[in-house]
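Following: one structure in structure tokens, then a few remarks.
The values are calculated or read from the model by the stated rules, or taken from the named source; none is laboratory data. Computed from a prediction, not measured in an experiment: that's the story for all the values here. Using ideal geometry, Cβ is built from the backbone for each residue, glycine included, and neighbour counts are taken over all protein chains shown. When the accessible area is computed, the model is the full protein with side chains, heavy atoms only, and any ligands, DNA or RNA have been set aside. Shrake-Rupley method; radii C 1.70, N 1.55, O 1.52, S 1.80 Å.
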Amino acid sequence: MHSEKKVFKYPYSFPLESGQSLPGFELAYTTSGVRAENDDNIVWVCHALTGSANAAEWWDGLVGPNTHFDPERHFVVCANVLGSCYGSTGPLSVDPLTKQPYYHDFPNVTVRDVVNALDLLRQELEIKRIKVCLGGSLGGQQSLEWAIQQPDLFDELILIAANAVHSSWGIAFNESQRMAIEADASWKEKTPEAGLLGMAAARSFALLSYRNYDTYNFTQARDNPDQTDEFRASSYQRYQGDKFMKRFNAFSYWTLSKMMDTHNVGRNQGGIVNALGQVKTKTLVLGIKSDMLFPVVEQQFLARHIPDAEYREIDSLYGHDGFLIEYKQLTQIIRAWQESKGKLEMA
């Protein structure tokens, strides 16, 4: 069953947390499956940093045909976030006021701004209740923020490798990536290709935070003990940077990394603990044992302060990227959690 790609057009001024506004926006989104008459099969997937609206492409072991969130049983919705380059309004979009692309002038967008835009799409689709909302990393940050802003909207909330506030450690990684983009002499230009070489270097930094020491020693080991050059780890970093240049742009990467830095559910909510206490949804929090970017202490904190939340942990070699790779463990944990909740409701 194929995803149906659509575009939601919001024609009115959209205020942002920064005090700026967008003169309208577009969100690319997909739906797959058949929506039940009582809307009890809606699954909303929030994507991570460089994901698209087609969850079955980048989370194909968890969302899509013959997976846990199969469109044969579920009506799956996924929207591309503001600032991205996969169909939603972003830095390469034309500013209707100037008739030119935004480029460097695209306003700062927060996770909360993104959630506000997603909720406008939800209202357009006339969805009053969502069975499951889930996401990993930046997608988990969105899901959590949404559950705080709309505590009666979801039946189940699944947060994977996410946190309540983006750490100084994570912000430092993102700033280092932006410094790499700035070091590219072309970054100052107003062209879609500006900063691409810098972005390739930035992506190589990011990979180090997505994986870890053991990952590289296993997957990128030396070809032989006498080797002095042309290491697999070196070629892998360059390959990933070159690959990323072909599918993304530096303006969106800059914008989305700044967006992640803004994540703090306690901002203007009486603090983090108070904000987490507002979640009414049945919540499953998953951490990844080897995650160095979003360490498990962050997910344990969520589970401790979200009322009646449950915590589970994945054992993975792949660090933070485990949420995109460990489909079998994710499926087993989610299925067992949902079944236990169902039994409690029937008891």
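Here is a list: Gly139, Gly195. Which entry is of a type in the set (Gly, Ala, Ser), within 16 Å of the chain's Cα centre (by Cα) and buried (at least 20 other Cβ atoms within 10 Å of the Cβ)?
Going through Gly139, Gly195 in turn, the sole match is Gly139.
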Filter region 237-254 for residues that are part of a loop (DSSP other than H, G, I, E, B) and under 19 Å from the mean Cα position of the chain (by Cα); which is nearest to Trp187 (Cα to Cα)?
Asn249
Is one or more of the residues making up region 113-120 open to solvent by less than 20 Å² (accessible area, probe 1.4 Å), out of contact with any Leu (no Cβ under 9 Å at 6 or more places or on another chain) and among the β-branched types (Val, Ile, Thr)?
yes
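Looking at region 35-71, which of the residues that are assigned to a helix (DSSP H, G or I) and more than 24 Å from Glu126 (Cα to Cα) is nearest to the chain's Cα centre (by Cα)? Before the answer, list the steps.
Pass one, region 35-71, residues assigned to a helix (DSSP H, G or I): 55-58.
So of that shortlist, the ones also more than 24 Å from Glu126 (Cα to Cα) come out as 57-58.
Numbers: Glu57: 14, Trp58: 11 Å.
Per the criteria, the residue is Trp58.
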Cross-chain or 6+ apart pairs with Cβ under 9 Å, region 224-236 first and outside any helix (DSSP H, G or I), then open to solvent by 60 Å² or more (accessible area, probe 1.4 Å):
Glu230/Asp223; Phe231/Arg222; Phe231/Asp223
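Would you check which residues across region 1-30 are open to solvent by less than 30 Å² (accessible area, probe 1.4 Å), assigned to a strand (DSSP E or B) and in contact (Cβ under 8 Å) with a residue 60 or more places away in the chain and list them?
Scanning region 1-30 gives Phe8, Phe14, Leu22, Gly24, Phe25, Leu27, Ala28, Tyr29.
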Only one residue in Cys133, Cys85 is open to solvent by less than 10 Å² (accessible area, probe 1.4 Å) and either touching a Ser or Thr at 6+ places or on another chain (Cβ under 8 Å) or within 24 Å of Leu207 (Cβ to Cβ) (or both), so which one is that?
Cys133
Could you identify the single residue in Leu62, Leu97, Leu144 that is touching a Ser or Thr at 6+ places or on another chain (Cβ under 8 Å) and hydrophobic (A, V, I, L, M, F, W, C)?
Leu62
When you go through (1) open to solvent by 70 Å² or more (accessible area, probe 1.4 Å); (2) closer than 16 Å to Leu125 by Cβ one by one for His74, which number turns out not to apply?
(1)
Taking region 293-328 as the search range and keeping residues that are under 17 Å from the mean Cα position of the chain (by Cα) and open to solvent by 10 Å² or more (accessible area, probe 1.4 Å), which one is nearest to Gly61 (Cα to Cα)?
Tyr327
